[in-house]
Every structure is written in C-alpha cells, then in structure tokens.
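Asker: Mind having a look at this structure? Questions to follow.
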Amino acid sequence: MLSRLRYAFLAQRYLGARWLAFRLGYAARLRLGCLRRQTPLAQWDDQLFGTWLSSAALADPEVYLHYRRQSVPRFFFAPADRLCYAPLFAQWDNPGATPVAIADDICAGRFRYFSHAVIETGFPPDWHVNPLTGQCIAPDHHWSEISDFEHGDIKIIWEASRFGFTYALVRAYWRTGDERYAEIFWRLVESWRAANPPNHGPNWKCGQETSFRVMAWCFGLYGFLDSPATTPKRVADLAQMIAASGERIAANFTYALNQKNNHGISEAMGLWTIGLLFPEFKHAARWAEMGRNALEMQAVELIYDDGAFSQHSVNYHRLMLHDYLWALRLGDLNGRMFSLELRQKIKRAVDLLYQIQDEASGGVPNYGQNDGALILPLDNCDYRDYRPVLQAAHYLYEDCRCYESGPWDEPLLWLYGPEALNAPVRRPGRRNLAAPIGGYYTLRSPHGFVFTRCGAFRHRPGQADLLHVDLWWQGHNIAIDAGTYSYNALPPWDNGLARTVYHNTVTVDDRNQMEQVGRFLWLPWPCGQTLYCSASTTGFLTYWEGEHDGYRRLKAPVRHRRGILRLDDGWWVVFDRLQSAGEHTYCLHWLFPDVPYNWDVEDGHLALDFTSFAYHVWLAAGPTEPSYSLVRGDERSPRGWRSSYYYGREPALSLNATVCTTTTNFWTLFGPAQGMIEVDAHSLCLRTEAWAAQLALGRNDAEPLIINVTMMGTIQDHLDGIQCIS
C-alpha cells in the first residue's frame, strides 16, 4: 500500500495539482458544513411554488397545467401522438418481452433492479431501505453528512429513486390506454415527495442520480400529460420538485465536473433539460447555459478523437451516449442546436462502440466498470444488447438506420417519431479497429472477433485490465470479462472483479498491474503500447502485438508482451512472453461461460459445448512446464464467477496456467474444431484436419513475438515483414 506522501505525489502527477487541491478543499468544505449551509434542509411547504417561477400568473395550478399542455417547449413527443403510435408497438412485443408485464409488476410492488432482478419491495417502496439487505439510511440527515459506503451498496437504494420504471409505465400506457399506469406514476411521485424533502437523506446525495430522476420525471410528465390522473396539483408539485432538483445540481456542479466522467456530463444534461423544458423557472436561463457549456466542454475533453471515452468502460460509454442523445435531440427540437464539433465527437464515439459490437447478438465486451446503468430503457431488448442506443444515435447524425427493423427501433419512435422507422438502412462495415488514443483494438474474422485494450491512460483507470482479451464467435462471447458485481459489498465482492487476476491476461506474483489506493483510485497508472500490426494480402492472417509496463515497477521488473494472431475464420493464437532478471510467479488466466466442458489436463485442452457448436482451447507454456487449475464458481473468492448484470452473479469457468521462473512464454490456441499444438524453442506448429500453420518466433527483444506465419493445406497464406508501429 502506498504511503500518504507517495500517494499525494502520484495523485498530483497523474491527476494534476488542480484536481488534488479541489479534492482537499472539497473535503474541508464537507467537514466545515459548508455544503449543508449552501443547500439547507427544507420542507416542500417552506417555499411556495410561485417563488420558483418568473411569472406569478403561473402559480395557480390550474393555470400552470394549462400552460404545460401547450407543449411548449417541445418534447420528443406530444400527448396527441398516442393514438397514432399505439398500432406500431405490436411489432416489437411478444409474451416474453413487453413493457405491460413490467408495468403490472410495478403496480403489484415488484420493481426491476439494474434491468435484471425483480424484487418484491411493496408499493410504494421504502425509498431509504436496501430491499436486498434491509439496511436503511436515515432520511432526516443532510445529504452531505451521509457516507457513500457505511450502509452497504448505496446504489441499491438509489436504483428505485432513479424512477427508471417510469419508462415502462409510459410505454405500457401508450400501448393500452390503461389509466392505472398513469395513476401509479403519480402515486409514486407523491410518495417520493413525502419521503424526500429537499436535501434530506441519501436520494439527494448525488447530482447525477438527481439528473436521471429529472429525465424520468419529464418523460412521465409528457407521457401522461393528457391522463385524468394528471391533476393540476400533481403537476405543480412535480414542477416544484424539478426546480428544487435544478437548484441541488447547480449548487455542487463543480464537484461533478472535477470527476471528469459521466457525473459531469449527466449533471450538465440535467441542468440543460430543466433550463430548456421549464423556461418559466427563475433560474432556467442560467441552468440551461451552464448545462450547455459544460456539455460542449466535456465532449471536447472526455471523448477522445478516436471515439473512446474517458471512463474506460463500455457501459459508461453507452450512458454517455444516452446523455448526449437526450440533450442534442431536445436542443434540435427547440432550435438550440449544439456545435458541429460536439456532434463530430458523438459520431466518432458511436462508430467506436459499433466497431466493438458483436454482429449476431448486438452484445459488446463487458469491459470496464459496469454499474447496471441504463438510463433510456425504451425497448424490449436485453440490457446487454447495444443495438437500441446505436440505432438511435446513428439516426441522430446520419438520418438513416444501421440495422434492419427490429425491437431496437422503438427508441427511434419515442425520440424522432414514426418517420424514423422508415428511414433507409445503411449499415457501416465492420473492420479491424485501431483506436490508439483510447487503446481499443479489434481483429475481425467473418463470424467473430477478438477485442483487447492497450494504451496510455489520460483519465483515471477503473480496472487493472490492460491486455485483457475478449473473444467472440458466432454470436457467443467465448473468452469473457467477469464484469462488475458491486462497488460496495462484503469482501471479497467489494469491487473485487476489477483486479488483474480475474481478467484474461497474465498476473505477476498475484499483484495488480497498479496499486489500488482507494475504492475507485489506482496508482501509478501503467502504460500500454502497440508494437506491431500487420495483415496478409489475402486477409486470412492478421497480427497485432502490444505490451504494458505495469510490472516494471517491481523490484525485479517484468516486461509483458502479448501477440494476437488471427488464422482463418474462428482460429486465434494468443502468445504471451514475460521476461525478468528475477524469478516470479506468472499466472495466465482465461474466463469462459458456464457451459458443459471436457478438460484434458495432460494436453492442456478444454472443449466447450455451446449446444449448436463446440469450441476448443489449448494452453501451453515453455520452457518451464505449467501447472493448470480449472475452477467453476469458487465459494471462497470471486474466481470462476461472472456478473453480466450489476449485483447479479453466475458461475463461469476459470482456467489458469501458472509457472515460477524468470522468463516464460504462454501460448493459447482457440478454434472451432479439433487441432494440435507443437512447440519448440523457436517455432509453433498448429495442425487441424484442413490446414497447418507454422509460426516462427522472435528470438530477441528487437523482433516481434511472431516474425512470420506460413499456412498450408486448404488455406495457403503467408505473413512476414510484420510492421512496427512507431
């Protein structure tokens, strides 16, 4: 563990003196009670509704509701659209996927958490209780006095208060016209209001959570605007809640911006939304300007020129796109368009996400931190399907669709109207991706791809996972990322899956690639570098190689290089070399889905049965023979587990190959048929029934790990002269 002095030095070096000074000042403000005085505890009746408004004439609830029903400013849809939208929904619904079932569960007090687990909370839920553990956070404390981590995982309490269920209620109402759903929405708003006076309790603690709640409240307000359940008092009360939310977000906005991640973007989106849609509020113009400027500024800083995003997380990448999709579309509808520079950044971010997506399933690698966020659940697709966000975002700047018609089209209807459903389909090609600033790389074959990450960090890492490899084949994620179970559960589940040992890479001496000095802070940051990249003219062979310096900090430094070679369609070689002057324990790890398998320890061969096909993995090492370990769902550690959804876990197959030596090579062969691997000091021979491949290995540090490849048999190809990336 780092000493305080070294921690301060590294924090200043990697995060900057300005960041460190702000954090120290913020901690002092918390201790001195400045934030409590800035956002004082209040009751809803302390400030009459009219005091939030610039015109006293709107203070009467009847007048205010009439004003609201004029649909000015414009939202994504108007109440009058409901009758023409209703017939369109049937094409996306089936008995196993419909918002009506979700809405009926809500009516019965069963709420869906993190797009996955249905939990019996009762109706209405207790807004301050974790329904999984029974832990409660006192609702009478000021939000600044509540710890993030003393009451279990606070995200579970926040989840219901995001009001994400609103989208299912509106979607069900527009399908059926059942007035129960509108009434349920308003009763939940009234319950939340009674339990959460301004700045009281955990649900006012996070400005990002407040912003997500505002999004959902706006969607519900417009979705139920013509319902008999939408009474003048209810609308006036909700408007007051939205105004108080704007005040809360603005008061601590600099903290969100200092985090340089989704928090600042989401809170900017929240201020923009409130200022734009509620111009009658006294501070609307200021909030809209604050939000707009911050959205522009953060796009420039946090979305890199290659489309990667500062948070190093695929799911947070989607969250960022949803924030901007919401903000840009509202701006377009109301004649307040954002800059071309921002739109170009979003276009690049959409393209990067598309390029790391599996063609068949719509899934993506579960790479980086994943807290279950899905802030625009407007379709029947699974949480892990990224086609909805890509379809909607692609249409934003291209006026066309990137997928044929399917359930991922429903967000188009909500955000753009029926005309978007008939937009032409112009699907971008999938390619080998090289995003060197963010450090994302893919190598593609006709029916699958390999994904890895190797780059330098410009912003805080979330996990110690450089050179992690995901492998996809025929719509199945073969080599998988373990995901994120919880940010704050009992050990060893307190963000334990962020460690290097649970990723598909090599760990040295059971050490992480960097030291974890806080729950969300790793230091010093390792640096990844791409060394070589080449492809044959026929396209059967593609090679990529990179390294990272995370283990060069050790007393006996270690150099880790990884080469990835595509052979034919569905065959891959991953070659790791670790070099040091001192002896270390090197552990190569692979994680696979929980499918029937056969493990032959003598041959280092794992056969995976995916029902419709078999897939094979062979491991070898040299010059020292490895010891192997295969574990499924270890009861004492996170090993052999995966978390596809936040706060959910399922068994997986964890395969380790371990050696104790100074220098070693690991070979992993992946393929969809039986094969053989033969290794000597300077070559590697792979044989299948159809072809053989001879790999010549580099003999010194100045050469690639693989210097040439020759394929013979039904496929004849050759790859040499592997190019150095300068």
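Asker: Filter the range 500-512 for residues that are in a loop (DSSP other than H, G, I, E, B) and crowded, with 19+ Cβ neighbours inside 10 Å and give the result.
Answerer: Those that are in a loop (DSSP other than H, G, I, E, B) and crowded, with 19+ Cβ neighbours inside 10 Å: His503, Asn504, Thr505, Asn512.
Asker: Scan the range 513-523 for residues that are surrounded by fewer than 20 Cβ atoms within 10 Å (Cβ to Cβ) and either of a type outside the set (Gly, Ala, Ser) or not assigned by TED's automatic domain parsing to the domain that holds Val558 (or both) and jot them down.
Answerer: Answer for the range 513-523, where residues must be surrounded by fewer than 20 Cβ atoms within 10 Å (Cβ to Cβ) and either of a type outside the set (Gly, Ala, Ser) or not assigned by TED's automatic domain parsing to the domain that holds Val558 (or both): Glu515, Gln516, Val517, Arg519, Phe520, Leu521.
Asker: So is Val659 touching a Ser or Thr at 6+ places or on another chain (Cβ under 6 Å) and part of a strand (DSSP E or B) or not?
Answerer: Taking the combined requirement at face value, the residue satisfies it.
Asker: Does Ser612 count as surrounded by fewer than 21 Cβ atoms within 10 Å (Cβ to Cβ) and at pLDDT below 95?
Answerer: yes
Asker: Leu415 passes all but one of (1) buried (at least 23 other Cβ atoms within 10 Å of the Cβ); (2) within 22 Å of the chain's Cα centre (by Cα); (3) not hydroxyl-bearing (Ser, Thr, Tyr); which number fails?
Answerer: Status for Leu415: all satisfied but (1).
Asker: Residue check: is Gly164 closer than 30 Å to Leu83 by Cα and in contact with a strand residue (DSSP E or B) (Cβ under 9 Å, 6 or more places away or on another chain)?
Answerer: Yes, satisfied.
Asker: Here are some conditions: (1) over 35 Å from the mean Cα position of the chain (by Cα); (2) touching a residue at least 12 places away in the same chain (Cβ under 8 Å). Leu48 meets all but one. Which one does it not meet?
Answerer: (2)
Asker: Tell me, please, whether a residue that is part of a helix (DSSP H, G or I), without any contact (Cβ under 8 Å) to a residue 40 or more places away in the chain and farther than 19 Å from Ser211 by Cα can be found in the range 334-354.
Answerer: Yes; the residues of the range 334-354 include at least one that is part of a helix (DSSP H, G or I), without any contact (Cβ under 8 Å) to a residue 40 or more places away in the chain and farther than 19 Å from Ser211 by Cα.
Asker: For the range 257-271, name all the residues that are more than 14 Å from Trp204 (Cβ to Cβ) and either surrounded by 22 or more Cβ atoms within 10 Å (Cβ to Cβ) or touching a residue at least 60 places away in the same chain (Cβ under 8 Å) (or both).
Answerer: Asn258, Lys260, Asn261, Asn262, Gly264, Ile265, Ser266, Ala268, Met269, Leu271
Asker: Okay, moving on. Kindly provide the set of residues from the range 667-726 that are surrounded by 12 or more Cβ atoms within 10 Å (Cβ to Cβ), under 29 Å from Ser580 (Cβ atoms) and among the acidic types (Asp, Glu), ordered by number.
Answerer: Selection gives Glu678, Glu703.
Asker: Count, please, the residues in the range 548-576 that happen to be crowded, with 21+ Cβ neighbours inside 10 Å and either among the basic types (Lys, Arg) or outside any loop (DSSP other than H, G, I, E, B) (or both).
Answerer: The number of residues fulfilling the criteria is 16.
Asker: Another question, then. In the range 107-118, which residues are hydrophobic (A, V, I, L, M, F, W, C) and either crowded, with 17+ Cβ neighbours inside 10 Å or touching a residue at least 40 places away in the same chain (Cβ under 8 Å) (or both)?
Answerer: Matches in the range 107-118: Cys107, Phe111, Phe114, Ala117.
Asker: Grab the helices (runs of 4 or more DSSP H) fully contained in the range 119-224, keeping just those with 2 or more residues being more than 23 Å from Gly648 (Cα to Cα) and small (Gly, Ala, Ser).
Answerer: Qualifying helices (runs of 4 or more DSSP H): 179-195, 207-223.
Asker: Let me ask something else about it. Would you call Leu567 more than 20 Å from Asn708 (Cα to Cα), in contact (Cβ under 8 Å) with a residue 40 or more places away in the chain and among the aliphatic types (A, V, I, L, M)?
Answerer: For Leu567, the condition - more than 20 Å from Asn708 (Cα to Cα), in contact (Cβ under 8 Å) with a residue 40 or more places away in the chain and among the aliphatic types (A, V, I, L, M) - is not met.
Asker: Just to be sure, is Thr664 in contact with a Phe, Trp or Tyr (Cβ under 7 Å, 6 or more places away or on another chain) and exposed (fewer than 14 other Cβ atoms within 10 Å of the Cβ)?
Answerer: No.
Asker: Restricting to the range 225-248, name every residue that is touching a residue at least 60 places away in the same chain (Cβ under 8 Å) and not in a helix (DSSP H, G or I).
Answerer: Leu225, Asp226, Thr230, Thr231
Asker: Now for a different question. How many residues does the range 578-609 contain that are touching a residue at least 40 places away in the same chain (Cβ under 8 Å), aliphatic (A, V, I, L, M) and surrounded by fewer than 14 Cβ atoms within 10 Å (Cβ to Cβ)?
Answerer: So the answer is 1.
Asker: May I ask you to list the residues in the range 467-494 that are part of a strand (DSSP E or B) and of a type in the set (Asp, Glu)?
Answerer: Asp470
Asker: Quick check on my filter: what residues within the range 575-591 are aliphatic (A, V, I, L, M) and either over 21 Å from Leu497 (Cβ atoms) or in contact with a Leu (Cβ under 6 Å, 6 or more places away or on another chain) (or both)?
Answerer: Scanning the range 575-591 gives Leu578, Ala581.
Every residue, every condition in (1) closer than 22 Å to Leu684 by Cβ; (2) more than 22 Å from the chain's Cα centre (by Cα), yes or no:
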{"residue": "Pro491", "(1), (2)": "no, yes"}
{"residue": "Leu497", "(1), (2)": "no, no"}
{"residue": "Thr500", "(1), (2)": "no, no"}
{"residue": "Asp509", "(1), (2)": "no, yes"}
{"residue": "Glu515", "(1), (2)": "no, yes"}
{"residue": "Ala535", "(1), (2)": "yes, yes"}
{"residue": "Phe540", "(1), (2)": "yes, yes"}
{"residue": "Lys555", "(1), (2)": "no, yes"}
{"residue": "Leu565", "(1), (2)": "yes, yes"}
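Asker: Here is a follow-up. Here are some conditions: (1) assigned to a loop (DSSP other than H, G, I, E, B); (2) touching a residue at least 12 places away in the same chain (Cβ under 8 Å). Leu497 meets all but one. Which one does it not meet?
Answerer: (1)
Asker: What are the residues in the range 627-652 that are buried (at least 22 other Cβ atoms within 10 Å of the Cβ) and not in a loop (DSSP other than H, G, I, E, B), if any?
Answerer: Trp641, Arg642, Ser643
Asker: Looking at the range 1-106, what helices (runs of 4 or more DSSP H) fall wholly within it and have at least 2 residues that are among the small types (Gly, Ala, Ser) and surrounded by 16 or more Cβ atoms within 10 Å (Cβ to Cβ)?
Answerer: Filter on the range 1-106 gives an empty set.
The values are calculated or read from the model by the stated rules, or taken from the named source; none is laboratory data. Nothing here was measured: the structure is a model prediction, and the numbers come from that model. Heads up, the Cβs are rebuilt from the backbone with ideal geometry, glycines too, and the neighbour counts pull from every protein chain shown.
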